[in-house]
Amino acid sequence: MKPEILYQLRFLSDLTEGPGGRPLFVLTDIERTEKPEEPPKYRSRLAMWEDGLRLLTQGEARTPQWAGEFIYFTRKVEKVAQLFRLPLRGGEPEQVTHFKAGLEGYKVSPDGSKIALLSRGDYEAPKPDQPRTYQTWPFKFEQRGLLPQVPRALYLWQGGETRLLAQQPEDIEEVAWSPAGDFLVFTASATPQERWAWKQRCYRVNLAGQVEELFGGVGPISGLAVTPDAGGLVYLAHAWEFGGATEARLYHHPFGGGFTQLAQGAFGNTINSDCRYGGYFQAPRFGPDGAIYLVETYKGSARLLRVSLAGEIGKVHGIGESVLAYAFCGRELYTLTESFTHPARLTRGGEVLFDPNAEVLPSLPAPTPIAWHSPEGHSVPGWVLLPEGAGPHPTILYIHGGPHTAFGDALMLQLQLFRASGYAVVYGNPRGSTGYGQDYTRLDGRWGEIDEADLLGLLEEALSRFPLDRGRVGVAGGSYGGYMTNWLTAHNPGRFKAAVTDRSICNWTSFFGASDIGPRFTWLQLAATPWERPEVLWQKSPLSLVHQVKTPTLVVHSEQDHRCPIDQGETWYTALLHLGVPARFFRVPEEGHELSRSGRPDRRVARLEAYLEWWEAHLR
C-alpha cells in the first residue's frame, strides 16, 4: 500500500433524509486528468440509496436538504457558494440565491415553503491587491482567510423573494426552525468582547423580524433544536468552567422558564481520522419517538445516544463502530459509521448498505489495544499497529491533535501506510484526550507535564510487550501532536532517533498574536498572556529548550495555516538548522491547517511521501 491509494478512495458525507424516506448524501471521489497543468481535485455529487446507489447530480453539489418537491444543495458560482434546488419531477437545478458575498449556511423550513439563509448579502471584499482596515478580532480564520468586514446576517426566502430578517452586531452563527415554521432561533455573540471569548447568546425571531433574547453570554452555545411542541428548545452549552477542556452539557430550556441539564459528555465525534471529506451531522435532534439523539465520544468510540426530556440516557447500538453521522429517514435510523479499518459506510440497523471503498482498500489489520497503568492511579489507553515480520521493528510514537480530541474507532490511513512500509506505530489517548470524563480531559495548564508522562509511559509499555526496536524509535504528530513532538525531542535529547513535527506550535508568545484563535486558546489552555504571566508562555514553549534537541527532524507546515501559523514551523526549522541538528522543511503553498484531511489530493500524497522518505533515511 502506497500513498497514491488516496486517489482511489471515495468519501460519504452530509447524510440526511431524502424523498420517500430514503437516505440522501454526498459522494466524493477524486478526479485526475492526463494534463499535468490540471491537478487532481475532489468531485462531490448528490446521491441516494434505493437498494442501490443512485447519483442525482454530476456537477458539484454539497450540503443537501430535502423538503417538499425539491432537493436543495449548495454549489459555487464565481467562487462563492449559492443555493440551488433540484425538482423531484426532473429537470435542471435552479439557482435560488444570488448573494454577492455568497451563502454561508441555510435551513429549509419543515414544510419546505421557507428557507433561512445565512449570508453577508451584497458585501464585496476588497480585491487581493487592495489594503484592508480592521477594528475588531478575529480578522482571519482557518480555511477562510481574511474575514469580511460586515457581520453574517439572517435572511428569509419565501415565495421566490429574499429579505433581511435579522442583523446583529456580530455574526449569526447557527439557526433552527420551529416545527410549524413560524419562528426561528439563532445564536450570536452580543459584543466583540463576547466573540473574542467564545461566548454566545440565543435569540428567537418571528417572521416579521422581531428579535427576542432568550439566554446566554457565558460560553458557547450550539446544537439548537426546537422541541416538537414548540414550547422550548434543547442545545449544547457550558461556561468554560475548566477552560478549553470543559465538556458540554445538553440542556432543555422551555421558553419563559428555567433550564434543565439532561446530560454531560464529550459530545460530537472527536476521533481523529484522515479519511473524511464533507459535513457530518452529530448534534442534538429529535427523533420520531420524541427523544433527543446526539453523538458522544466515549472511550475511543463515537456512539449515538438517546436522551429523553426526563433525562433518561441510553446508547443506540449500531454495529460496534464509531458513528460519524446519523439521520432519520421516515422512521428508520440511518448512520454513517467508521472503524479502525474502514472509512465511512452507510448502515441501517447493524447492516452495511453501502461501502464505497470495498474494492479499494486492502484488508487492513486492526491495531492491538494496550494500556499503561500510571502510578498516579489512572490508565492510559492506546494501540499498537505491527508490520509484517518477526521484528524487532522500527517504531513511531504518533500523537493526536487537539489536545481535546482522541484516537479510536476511525481509520488513520497515514498510520496504516507507516505500518505497510515496515514501521510499528504506537498511539493512544494521554490525559487531555476526550471521552474519558471531565477530570481526564483537564490539563489545567500542565501541557508538556502530565501528557508527557502518559505518552512516555504508553511507549514504554509497548516496547516491553511487543517486538519493537528500542534503538529505532521516532516521534511525530500534527497540531498539538506537533507541539508535543517538539516538546519531547527538546526534553528527551537522546530518546528519539527521528521526528516529524507537523503544523506545530513552538512559541506561545508569537502564537498568541498570529493564530486565528491565539488569544482565547492561549488563555483557555494556559491562563496566561504576553503581559500577564509571560513567563508561563516561555516555559511552555518548546523553543525555550530547542538547544537541547538532537533528533533529526522533518518540519511540515502549510503557508496558509491560520490556526498554527507558518512562523511556528519556520522558527523551529531555523533554530534546528543553526544548532546543527539535521533538519528538512517541507513547506506547502496554498494549503492550511487541514492539509492532511482535505488539502489538494496531490499535496496530501506528497506530504505522506515526505514522511516515508524521512523515516527511511533516519529510522530504517
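The values are calculated or read from the model by the stated rules, or taken from the named source; none is laboratory data. Fair warning: this is a prediction, and the values are worked out from it, not measured in the lab. As a convention, Cβ positions derive from the backbone with ideal geometry for all residues, glycine included, and neighbour counts pool all protein chains shown. Surface areas here come from the heavy atoms of the whole protein model, side chains and all, with no ligands, DNA or RNA. Shrake-Rupley method; radii C 1.70, N 1.55, O 1.52, S 1.80 Å.
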*What order do you get for 541-550, 429-438 when each peptide is scored by the mean count of other beta carbon atoms within 10 Å, highest first?*
429-438, 541-550
*Averaging over all projection directions, find the projected area of the Cα convex hull of the range 1-102 and quote it in nm² with one decimal place.*
8.6 nm²
_Over the chain: helical MRE at 222 nm, DSSP H runs n ≥ 4 each giving -39500 (n - 2.57), nearest 500_ = -4500 deg cm²/dmol
_Environment charge at residue 362 (Cβ cut-off 13 Å; Lys +1, Arg +1, Asp -1, Glu -1)_ = 0
*Send over a whole-number figure in Å² for the accessible area per residue of the range 1-150, probe 1.4 Å.*
53 Å²
_Below 8 Å between Cα atoms, with a sequence gap of 6+, how large is the relative contact order for the range 338-410 in percent?_
31 percent
*If packing is taken as the mean number of other Cβ atoms within 10 Å per residue, what is the order of 402-411, 113-122, highest first?*
402-411, 113-122
*Using only Cα atoms, tell me the angle between helix 566-578 and the longest principal axis of the chain; keep it within 0 to 90° and round to the nearest 10.*
10 degrees
*asked:* Could you tell me the relative contact order of the range 219-293? Use alpha-carbon pairs under 8 Å, at least six residues apart, and round to a whole percent.
replied: 24 percent
*Peptide ranges 84-96, 12-24, 223-235, 28-40 listed from the most packed, as the mean C-beta count within 10 angstrom indicates*: 12-24, 223-235, 84-96, 28-40
*Return the lysines within reach of residue 199: Cα separation strictly under 21 angstrom, same-chain partners fewer than 8 residues apart disregarded; answer none if there are no such residues.*
140
*Quick one: plug the Kirkwood hydrodynamic radius of the chain (C-alpha pairs) into Stokes-Einstein at 20 °C, 1.002 mPa s, and report D in µm²/s.*
84 µm²/s
*Just subtract the alpha-carbon distance of residue 239 and residue 158 from 0.36 nm times their residue separation and send over the number in nm, one decimal.*
25.5 nm
*Rounded to 10°, Cα long-axis angle of helix 450-465 versus longest principal axis of the chain*: 60 degrees
*GluC sites (Glu not before Pro) lying in DSSP loop within the range 294-362, provided at most 11 other Cβ fall within 10 Å*: 312, 359
*Can you give the extra length, in nm with one decimal, that the chain gains between residue 144 and residue 574 once fully stretched, where that is 0.36 nm per residue apart less the Cα-Cα distance?*
152.0 nm
*About its Cα centre, how strong a charge dipole does the range 148-195 have in debye, to the nearest 20, once Lys and Arg get +1 and Asp and Glu get -1 at the Cβ?*
100 debye
*Given a 1.4 Å probe and every protein chain left where it sits, what share in percent of the accessible area of the chain is carbon and sulfur?*
49 percent
*asked:* To test your reading of the geometry: what angle, between 0 and 90 degrees and rounded to tens, separates the Cα axis of helix 480-491 from the longest principal axis of the chain?
replied: 20 degrees
*Please work out the C-alpha center-to-center distance from the range 339-364 to the range 181-231 and express it in whole Å.*
38 Å
*D for the range 300-364, whole µm²/s, Stokes-Einstein with Kirkwood Rh over alpha-carbon pairs at 37 °C and 0.692 mPa s: what number?*
256 µm²/s
_Whole-angstrom gap from the range 1-40 to the range 493-556, using each part's C-alpha centre_ = 36 Å
*All other residues with a Cβ under 9 Å from the Cβ of residue 187 taken together, and with Lys, Arg as +1 and Asp, Glu as -1, what is their net charge?*
-1
*Cα-Cα over 28 Å, subset of 2/299; 2/315; 497/540*: 2/299; 2/315
*Excluding residue 348 itself, calculate the net charge of residues whose Cβ lies under 15 Å from the Cβ of residue 348, where each Lys or Arg counts +1 and each Asp or Glu counts -1.*
-4
